[in-house]
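Before any comments, here is the structure.
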Amino acid sequence: MRSILTVIPARGGSKGVPRKNITPVGGKPLIGYAIESALAAGGLGRVIVSTDDEEIASVARSFGAEVPFLRPPELSTGSVTLIYVMRHALKFFDARGERYDAVLSFQPTCPFIRPETLDRVVDNFHRKNRQAVATVARMRDGHPYTAKRLVGPDLDDLEDFVAIPEGAVLFPRQKREAAYYFSGAVYLRDRALIESYEGHSYGLGDNPGAVVVDSVEAVDINEPLDLDYAEAVHCRSCK
């Protein structure tokens, strides 16, 4: 069993939704949902929050998470790949004599991820000896077969975005092959992947595993409209 460090990344400088990570949904800050789910799961090991923001750190501690450091500014911009944030957390604990074999990254912008889903990610990681496992959701709006690229001098000519396999069923949509996308909520990576990452991929190795989440768990808040939708989902679940 590889030891896992769970990192909830929560920088303070969100632009799409200002102060997003502590914005309330259903009366609870987003980061509170993530912390509660992570602490309730069975195999996530140590749960910390990586933030550059004192207010976020205070809120995180109030929900029971550790905030052992404030993330440096150079790792807190919107352009920084989260794997580098995970690498920073590993190095922090390495310097204190605490070595972890893997890091689970859990985004607070996905507030409806259940503890059982986190346990499924960890189980897949250990049971199948994966280098990495990620949460995915089934595409309900759009599909790779219907995706197009705009080309030409006026960018108004259409061409297929991906090559459509011969014999593929295009219509009706209910009969198309199921397609999935990264939900963005959870990535669990072996230490070696994090240490060797060079910024050219998702950093998931050669044979990554997947845990499918439903449409509620797939909610990912990046824009104000996403917040409205999350509130509606929360209200519906309370009925």
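What follows draws every value from the coordinates through simple rules; no lab data is involved. In this text the structure is predicted, and so the values were computed from the model without any measurement. Cβ sites come from the backbone with ideal geometry, for glycine too, and all protein chains shown count toward neighbours.
Axis angle, to the nearest 10 degrees, between helix 30-40 and the longest C-alpha principal axis of the chain: 70 degrees. A cut-off of 5 Å between modelled amide H atoms, ignoring neighbours fewer than 5 places along the same chain, links SER50 with ILE8, ALA10.
For the chain, with equal point scatterers placed on the C-alpha atoms only and solvent neglected, what are the log10 I(q)/I(0) values from the Debye formula at q = 0.08, 0.14 1/Å, to two decimals? Result of the Debye calculation: -0.34, -0.97. Model label sites at CYS235 and ILE164, defined 7 Å from Cα along the beta-carbon direction, differ in position by 4.0 nm. The value for the range 168-239 of Rg(Cα) / (2.2 N^0.38 Å) is 1.52.
What is the gain in length, in nm to one decimal, between ASP94 and HIS126 on full extension, counting 0.36 nm per residue of separation less the C-alpha to C-alpha distance?
Numbers: separation 32, 0.36 × 32 = 11.52 nm, distance 2.22 nm.
Value of the extension gain: 9.3 nm.
With the convex hull drawn over the C-alpha atoms of the range 90-231, the volume per residue is 197 Å³. Taken one residue at a time, the phi angles of the range 63-79 give Karplus couplings (6.51, -1.76, 1.60, θ = phi - 60°) of 9, x, 8, 7, 10, x, 7, 9, 5, x, x, 5, 10, 10, 8, x, 9 Hz. Gly and Pro are set to x. Here LYS28 is the anchor, and the lysines within straight C-alpha reach of less than 24 Å, apart from those fewer than 8 places off in the same chain, are LYS15, LYS20, LYS239. Measuring between their Cα centroids, the range 82-137 and the range 171-239 lie 14 Å from each other. Entry note, the chain: the mean residue ellipticity at 222 nm calculated from DSSP H runs of n ≥ 4, each adding -39500 (n - 2.57), is -8500 deg cm²/dmol after division by the residues and rounding to the nearest 500.
Above 18 Å, the calculated P(r) of the range 1-127 contains 50 percent of its Cα-Cα pairs. Against the chain, whose longest principal axis comes from its Cα atoms, helix 115-127 is set at around 90 degrees. Extension gain for ARG140-ASN207 works out to 21.6 nm (0.36 nm per residue, less the C-alpha to C-alpha distance). Can you tell me the orientation of helix 82-94 relative to the chain, as the angle in degrees between its alpha-carbon axis and the longest Cα principal axis, to the nearest 10? Taking Cα atoms only, the helix is inclined about 20 degrees.
Once the Cβ-Cβ distance of SER215 and LEU39 is raised to the sixth power relative to R0 = 25 Å, the FRET efficiency obtained is 0.50. Report the FRET efficiency, 1/(1 + (r/R0)^6), for ARG2 and TYR181, where r is their Cβ-Cβ distance and R0 is 30 Å, rounded to 0.05. Given R0 = 30 Å and the Cβ-Cβ separation, E is 0.65.
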